[in-house]
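S.K.: Could you have a look at this structure, given as C-alpha cells, before my questions?
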Amino acid sequence: MSLLATALTVVAIVTQDQTALRAAPRESAVQQTVLWQGDSLEIRATKGDYLQVYDHRRERAGYIRASQVRQQALQPENASELLAIIRFLRDTPGAEALGIGYAAAYLKAAPADAINAEVFDALGTFAERLAKRATVRQGKAPDTSVGAHLEVAAAYGVRMVSFEREEQVQICYNGDAFRRVLALPASDQQKALAALALTRHDCVAPALTPTERLAVDHWRAEVLDRVETTRLPEVLKNRLHLRRAGVWASLAWQRARRSEAGAGPVTAAGKRAVDELEAINRSELAETDAATYSDAAIRVGASRWAAEPAGAVLAATAPGSLGIATSPGQPGETCVHLVDSRHDAKHSLLTRCTYGIVWTASAAAHPQGTALALAVQPLDGWREMWVFRQEATGWKVDVVPPATVQPTLGYVEFAGWVPGSGQMLTAREAKVDGRYKLSFELLNPATLEIDRWADKPASLSAFQRWQAPAWKARTVSIR
C-alpha cells in the first residue's frame, strides 16, 4: 500500500480504463499519459469539469475529467463507505485494480483498531484474480488492460511472481494479504479461502531445490491443517480435501526420496493422501471443481503405493517364479534386479537402475514367470510402469508412460494378467494439454501396444473377468 503512504486526505481514484491525463482542462489539450482504473491521484484544484491533479506514480501533473474519477476522502468516518465499495468490487470480475485501489484507500482511512481480516481477504482476492487473468491471457487474444492493471497493483505494493510452466508464463500473487488473514482474527471461511490461495499447486515455483520443495510442501500441509472445517460449507470442505490430497501425495514422493527418514513418514503421507481423497463428498462436489478432482486423483494415484508397507519386495521362492531385489546405485540411484529361484541379485536375470522411486510393493509377476510389472515414479505426480519380459534373445525391460507427452500429471498401473494370452490389463490416467483422460486397456504382451481400451472397466470383458482383486481394492482410477 505504498502509493497512499503520503499525507493526502482526499484522493481521486480513477474508475475507467484508458483515461487521459491532459496538459490543460480541455478535450483538445495534449495527452500527458493514459491512466487506468485504480490509479490514485492527488487533487490540487478544480477547473470547470476538470480536476487539476498530480500523479505520484508517474511524477506528472495534469488535468482529468471529474466524471472519470471518484473523489474520496481518507478520514476515519469515510472508512465504512470505502469498505462497502470493496465488498461490491470483491466479486466483480475485471475490477481487480480498482478494488486494490479502494483497499489501499480503506487501509489509509480506517483506524488501526478497525482493520480486520475482511479487507485483506478482499485484497488477496483481487490480487489472485488479477494474476489468473494475466496467466489465462497467454495464447489468447491480447488484453491490453491486464498489463496496465498489474502495474497499478504493483504501485500499491502488491507483488506477483512469475515462472514458466507447461510452455506458458504462470503469474501468481505472492500471498501477503492472505498471510495477514491467517494471522488476524478471521472467520473459518476466510481462513479456508486464504489457505487454499496460499497452497495452490500451480504456484509452487518449479525451480525449487528438493530440500526447498520439501519445506514448502510441509508448510502447505501445515497451513491447510490449521483450518477449522466443522462449520464450513460442504463445497469448501471438498476443496480443502482435494488440496490436502495433492499436497500429501507430493510429500509421500518427496519423503520416499530420503531413505534416511525411514519408511514410516512415507507410509503416513501416502495414507493421508488416500484418506483425503476418500473424504470427498461427491454429492456436494461443485461442477467447477471437476478438473481439480481429477487433478487430485492423479496426484494420489501416482504415489498411492506409498500407502503400502515398505520393503515388501516380491521374492522369487518357487521354481519358475519371478521376483525383484533392489540395491543402491550411484548417489540417489536405485538398482532393480530381476531374480528367480536360481538367480539372486548378484547374478540377476536383468538389472536396471533409476533415479525415480521404485515402489517395490507394486511388483506383479506373471504366473508363468514370463513377465513382471513394476511401478516406478520418476517425478512428483508422474508414475510409470516397468515391464520385464522374456524374449528369445533374453530378458528386456520396457517403460510404459502414462502418456506420450511431456511429463505433467499421470500414472499407469498394472491391473491384472489375462490367463493363456499373456495380455496385461492396465489403467492409465493423465492430464494432456489441459484435458484429463482415463482409460482401461488391454496390452499386447509382445509389443506393449494397446489392443483394446475403454473409458470404463465394465466396458471391457477382459477387465470384468481378470482384473486383479488387489488392484481393484486399491486403485483410485475407479471412483
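S.K.: What residues have an amide H closer than 5 Å to that of Ala371, excluding those fewer than 5 places away on the same chain, when H is modeled at 1.01 Å from N in the peptide plane?
M.R.: Placed amide hydrogens put His366 under 5 Å from Ala371.
S.K.: Per residue of segment 119-124, in order, report the coupling 6.51 cos²θ - 1.76 cosθ + 1.60 (Karplus, θ = phi - 60°) as ³J(HN,Hα) in whole Hz, putting x for Gly and Pro.
M.R.: In residue order, the calculated couplings are 5, 6, 4, 5, 4, x Hz.
S.K.: Hey, what do the phi angles of segment 328-345 turn into as Karplus ³J(HN,Hα) couplings, whole Hz, using 6.51/-1.76/1.60 and θ = phi - 60°, x for Gly and Pro?
M.R.: Each residue's phi maps through the Karplus curve to give x, x, 5, x, x, 9, 10, 9, 9, 10, 7, 10, 9, 5, 10, 10, 8, 4 Hz.
S.K.: Distance between Cα centroids, segment 405-479 to segment 57-79: provide it in whole Å.
M.R.: When both Cα centres are located, 62 Å separates them.
S.K.: Now for a separate question. For Lys437, list the aspartates and glutamates whose Cα falls under 13 Å from its own Cα; do not include residues on the same chain fewer than 8 positions away.
M.R.: Within the straight-line cut-off, Lys437 pairs with Asp295, Glu429, Asp455.
S.K.: What is the set of long-range amide H partners of Trp382 at a cut-off below 5 Å, with H atoms built 1.01 Å from backbone N?
M.R.: Distant-sequence amide H within range of Trp382: Gly410.
S.K.: Show me, for segment 424-433, the HN-Hα J-couplings you get by feeding each phi into the Karplus relation (A = 6.51, B = -1.76, C = 1.60, θ = phi - 60°), rounded to Hz, glycine and proline as x.
M.R.: 10, 8, 9, 10, 9, 9, 7, 9, 10, 6
S.K.: Can you give the direction-averaged projected area of the convex hull of the alpha-carbon atoms in the chain, in nm²? Before the final figure, lay out each step's value.
M.R.: On the way: hull surface 110.1 nm².
Orientation-averaged projected area of the Cα hull: 27.5 nm².
S.K.: State the percentage of accessible surface on segment 131-238 attributable to carbon and sulfur atoms; use a 1.4 Å probe and exclude ligands, DNA and RNA. All intermediate terms of the calculation are to be shown ahead of the outcome.
M.R.: Working: 2830 of 5490 Å².
Roughly 52 percent, rounded to a whole number.
S.K.: For the Cα atoms of the chain, what angle does the longest principal axis make with the long axis of helix 263-278, in degrees from 0 to 90, nearest 10?
M.R.: The angle comes out at about 70 degrees.
S.K.: Given H placed 1.01 Å from N in the peptide plane, which residues other than close sequence neighbours of Gln32 have an amide H under 5 Å from its amide H?
M.R.: Leu21, Arg22, Ala23
S.K.: Give the residue list of trypsin sites (Lys or Arg not before Pro) in segment 63-144 that are DSSP loop and have at most 14 other beta-carbon atoms within 10 angstrom. List each step's numbers first, then the result.
M.R.: Details: sites: Arg65, Arg70, Arg87, Arg90, Lys108, Arg129, Lys132, Arg133, Arg137, Lys140; in loops: Arg137, Lys140.
Sparse-neighbourhood loop trypsin sites (Lys or Arg not before Pro): Lys140.
S.K.: With a 1.4 Å probe and every protein chain left in place, work out the accessible area per residue of the chain in Å², rounded to a whole number. Walk me through the intermediate numbers first.
M.R.: Numbers: 22150 Å² over 479 residues.
For the chain, the per-residue accessible area is 46 Å².
S.K.: Using the structure shown, list the pairs from Lys396/Lys472; Lys346/Lys472; Lys346/Lys396; Lys108/Lys237; Lys396/Lys456; Lys132/Lys271 with a Cα-Cα distance above 25 Å, or answer none. Walk me through the numbers before you get to the answer.
M.R.: Numbers: Lys396/Lys472 28 Å; Lys346/Lys472 35 Å; Lys346/Lys396 17 Å; Lys108/Lys237 35 Å; Lys396/Lys456 31 Å; Lys132/Lys271 32 Å.
Cα-Cα > 25 Å for Lys396/Lys472; Lys346/Lys472; Lys108/Lys237; Lys396/Lys456; Lys132/Lys271; rest within.
S.K.: Rounding to the nearest 10 and keeping the result within 0 to 90°, find how far the Cα-based axis of helix 188-198 lies from the longest principal axis of the chain.
M.R.: 70 degrees
S.K.: Still on this structure, I have one more. What shape does segment 10-73 take by its C-alpha gyration tensor, where a ≥ b ≥ c are the square roots of the eigenvalues and a/c under 1.5 counts as rounded, a/b above b/c as prolate, and the rest as oblate? Mind dumping the intermediate values first?
M.R.: Numbers: a/c = 1.34, a/b = 1.17, b/c = 1.14.
In terms of gyration-tensor shape, rounded.
S.K.: Which GluC sites (Glu not before Pro) in segment 187-255 sit in a loop by DSSP (not H, G, I, E or B) and have at most 12 other Cβ atoms within 10 Å of their own Cβ? Before the final figure, lay out each step's value.
M.R.: Working: sites: Glu212, Glu222, Glu228, Glu234; in loops: Glu228.
Passing both the DSSP loop test and the Cβ count: Glu228.
S.K.: Continuing with the same structure: With a 1.4 Å probe and all protein chains left in place, how much of the accessible area of segment 10-73 comes from carbon and sulfur atoms, in whole percent?
M.R.: Values: 1160 of 3050 Å².
Carbon and sulfur: 38 percent of the exposed surface of segment 10-73.
S.K.: Now for a different question. For helix 234-256, what angle does its Cα long axis make with the longest principal axis of the chain, in degrees from 0 to 90 and rounded to 10?
M.R.: The answer is roughly 50 degrees.
S.K.: At a probe radius of 1.4 Å, what is the per-residue accessible area of Thr447, in Å² to the nearest 10?
M.R.: Using a 1.4 Å probe on the heavy atoms, I get roughly 80 Å².
S.K.: Grab the DSSP H runs of the chain that are 4 residues or longer, score each as -39,500 (n - 2.57), total them, divide by all residues and round the 222 nm result to the nearest 500 deg cm²/dmol.
M.R.: Values: 12 runs with 157 residues, N = 479.
Helix contribution divided over all residues of the chain: -10500 deg cm²/dmol.
The values are calculated or read from the model by the stated rules, or taken from the named source; none is laboratory data. None of the values given here were measured: they were computed from a predicted structure. Ideal geometry is used to build each Cβ from the backbone, glycine not excepted, and the neighbour counts take in all protein chains shown. Note: accessible area is taken over every heavy atom of the protein model, side chains too, but ligands, DNA and RNA are not part of it. Shrake-Rupley method; radii C 1.70, N 1.55, O 1.52, S 1.80 Å.
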